[in-house]
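The values are calculated or read from the model by the stated rules, or taken from the named source; none is laboratory data. Just so we're clear, the structure is a prediction, and the values are computed from it rather than from any experiment. A quick note on method: Cβ atoms are made from the backbone with ideal geometry, for glycine too, and the neighbour counts reach across all protein chains shown. Surface accessibility is based on the protein's heavy atoms, side chains included, excluding ligands, DNA and RNA. Shrake-Rupley method; radii C 1.70, N 1.55, O 1.52, S 1.80 Å.
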Amino acid sequence: MAQLWGGRFTKETDQLVYRFNASISFDQKFYRQDIEGSMAHVRMLAKQGILTEAERDQILEGLEGILADVESGKLPITDQYEDIHSFVEANLIDRIGDAGKKLHTGRSRNDQVALDMRLYTRGEVQEMDGLLKKLLEVLLRIMEENTETIMPGFTHLQKAQPITLAHHMGAYFEMFKRDRSRLHDIYDRMNYCPLGSGALAGTTYPLDREYTAELLGFYGPMLNSMDGVSDRDYLIEFLSAMATVMMHLSRFSEEIIIWNSNEYQFVEIDDAYSTGSSIMPQKKNPDIAELVRGKTGRVYGALTSLLTTMKGIPLAYNKDMQEDKEFVFDAIDTTKGCIALFTGMLDTIGFRKDRMNASAKNGFTNATDAADYLVNRGVPFRDAHGIVGRLVLYCIEKNIALDDMSLEEYKSISPVFEEDIYDAISMETCVNKRLTIGAPGKEAMEKVIAVSREYLASK
Ligand code: ARG
């Protein structure tokens, strides 16, 4: 075991303690960010005259060598080091000797780890944004192709009013668009550099924190060194945003599962995204959607876990904060994986337009429109509601749809009905008369599709 801090100790660390304390098994995930952060730090130290240019160049060369060798697999990261910071520093000293011992000048592992995690997470926020964008592109394509695909819209999982598939997909488009905007907000708030905060109280060296921040692509340095080493808000915000993405994916998965059921048959999941049963040969199961729905729990758990870890920590750095990593890494990998798989499944899914249309037709989804028909002819809405209620009851008893009633049958319930009732309650009329902003009517939908197209082209 190799430790950076043996000086004031007279005894070796107990083996179990060493393992309990070590973080290399998981913080090796950001070896690249650790090295990049050190490079920026060293450049700044030389600019400020704290290191010579020769020392800077030696250290940079050593760090580049370590990065290349880790990347090629020549230099494995092993658990004989306590954490990734010790691993890099020890290797640097092995390679370049005494100059390597100057790397940690004006720095603590507290601000170093705060920087590494921020750099790593910042990249992941951007990657997740890219994945969500791909999902939005698939949604937009389905919307463009289905402004006339009529299906039932539901409330309480009961057929309510006819909508189109474009409209239904448009609702998810809005959700994932908001998810992206949340990620952009988080990025803007988190993109400040903790390096230079030291252990908690800055340093006595004349560091140029603005320069380091600029080298690493931050908007600027964090303005309080205690906050710099102990702020984990950005992780909590990111976890919360991921929990929301997963909640959206989970709702969508639930719908896919329902639509894929024998009773609905609105969709056919592509063979590449379904699985079979070991005993029942007829089965084709929506396992991917179910797993996405299931994995949502893991991401919620990570959010609760970090909130709980952070709640009692006094300023500034405390070791509890090492627990910010595994759950966050797991949540990021889980959420990214789920977005990517879901996108693939959605991109290849088949929509049974015939089944959707038939389902919209036989669930009285046009009952509201029948009432509106009467209102347009002077019947007060409450009376119209009652009349159509009686029509529906009549149809249920005869096992027919409103469209199947003869005009005489209509008239026997209310004389206000005329021949044009059939057109007024056709599925197409019901949908396409709904033209307010955000409604499913084809013209309204096409306006939203144009806005969505522009949004994807610009962001
Ligand atoms: N592994 C530690 C973490 O993840 C690095 C910081 C260690 N600092 C310390 N004072 N022990 O938080």
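Miscellaneous remarks
- Bridges between two residues of the chain, per DSSP, are antiparallel at a rate of about 75%.
- Volume of the convex hull of the range 232-367 (Cα atoms only), normalised per residue: 147 Å³.
- With kT/(6 pi eta Rh) evaluated at 10 °C and eta = 1.306 mPa s, and Rh the Kirkwood radius from Cα pairs, the range 1-98 diffuses with a coefficient of 110 µm²/s according to Stokes-Einstein.
- Placing unit charges on each Cβ (+1 for Lys and Arg, -1 for Asp and Glu) gives the range 12-100 a dipole about its Cα centre, and among Ala40, Leu63, Gly100 the Cα reaching farthest toward its positive end belongs to Ala40.
- Computed from label points 7 Å out along Cα-Cβ, the spacing between Ile313 and Val392 is 5.5 nm.
- Spacing of the two label points (7 Å from each Cα toward its C-beta) at Asp69 and Arg251, in nm: 5.2 nm
- Distances between placed amide hydrogens fall under 5 Å for Ala160 paired with Gly153, Phe154, Thr155, all partners being 5 or more residues away or on another chain.
- Table column - 3J(HN,Hα) (Hz), the range 238-245, Karplus curve with 6.51, -1.76, 1.60, x for Gly and Pro: 5, 4, 5, 5, 5, 4, 6, 4
- Contact order relative to length of the range 376-459, as percent, for alpha carbon pairs under 8 angstrom and 6 or more apart: 14 percent
- Per-selection Kirkwood Rh - the range 31-177 (Cα, Å, 1 d.p.): 19.2 Å
- Once the C-beta distance of Gln126 and Lys283 is scaled by a Förster radius of 51 Å, the resulting FRET efficiency is 0.80 to the nearest 0.05.
- Accessible area (Å², per residue) of the range 109-150, counting only protein heavy atoms and a probe of 1.4 Å: 30 Å²
- Estimated at the nearest 10 Å², the accessible area of Asp420 is 70 Å² with a 1.4 Å probe.
- Solvent-accessible area, 1.4 Å probe, carbon plus sulfur percent, for the range 146-255: 50 percent
- Spin-label proximity, Gln48 to the range 205-224 - amide N less than 12 Å from point 7 Å beyond Cα toward beta carbon: 205-213
- The fraction of accessible area contributed by carbon and sulfur in the range 288-348 is 58 percent, rounded to a whole number (1.4 Å probe; ligands and nucleic acids excluded).
- Sorted peptide list for 450-458, 425-433, criterion being average Cβ within 10 angstrom, highest first: 425-433, 450-458
- To put it simply, the accessible area of the range 26-108 at a 1.4 Å probe is 43 percent carbon and sulfur.
- Neighbour cut-off at most 16 other Cβ (10 Å), DSSP loop, chymotrypsin sites (Phe, Trp or Tyr not before Pro), the range 1-60: Trp5, Phe9
- Summed over the residues of the range 183-223 and divided among them, the accessible surface reaches 51 Å² per residue at a probe radius of 1.4 Å.
- Positive end of the dipole of the range 161-314 (Cβ unit charges, origin at the Cα centre): among Ala166, Phe176, Met247, the Cα lying farthest that way belongs to Met247.
- For Glu61, the solvent-accessible surface computed with a 1.4 Å probe is close to 130 Å², ligands and nucleic acids excluded.
- Per residue, the range 320-398 exposes 45 Å² of accessible surface when a 1.4 Å probe is rolled over the protein heavy atoms with every protein chain present.
- Qualifying GluC sites (Glu not before Pro) in the range 10-57, where qualification requires a DSSP coil assignment and no more than 15 other C-beta atoms within 10 Å, comprise Glu12.
- With each label modelled as a point 7 angstrom along the Cα→C-beta vector, the Lys134-Ala439 pair spans 3.8 nm.
- Calculated SAXS-style log₁₀ I(q)/I(0) at q = 0.27 Å⁻¹ - the range 147-206, Debye, Cα scatterers: -1.05
- FRET efficiency, Asp403 to Arg32 (Cβ-Cβ, R0 56 Å, nearest 0.05): 0.30
- Computed with the Debye formula from one identical point scatterer per Cα of the range 108-244, without solvent, the log10 of I(q)/I(0) at q = 0.12, 0.15 Å⁻¹ comes to -0.61, -0.77.
- Rh (Kirkwood; distinct C-alpha pairs) - the chain, Å: 26.4 Å
- Length-normalised contact order of the chain in % [C-alpha pairs under 8 Å, at least 6 apart]: 16 percent
- Stokes-Einstein D in µm²/s, Kirkwood radius over Cα pairs - the range 265-328 at 37 °C with 0.692 mPa s viscosity: 216 µm²/s
- Positive-end residue of Leu291, Gly312, Phe329, charge dipole of the range 219-331 with Cβ unit charges: Gly312
- Charged neighbours of Val70, selected by a Cβ distance under 13 Å, balance to -1 (K, R count +1; D, E count -1).
- What the Cβ-Cβ distance of Thr304 and Glu418 gives, at R0 = 56 Å and to the nearest 0.05, is a FRET efficiency of 0.40.
- Added length on full extension, which subtracts the Cα-Cα distance from 0.36 nm per residue, Leu291 to Glu145: 49.8 nm
- Among 285-293, 76-84, the order from most to least packed when residues are scored by Cβ within 10 Å on average: 285-293, 76-84
- Other residues within the sphere of radius under 15 Å centred on the Cβ of Arg43, judged by their own Cβ, net out at -4 (K and R +1, D and E -1).
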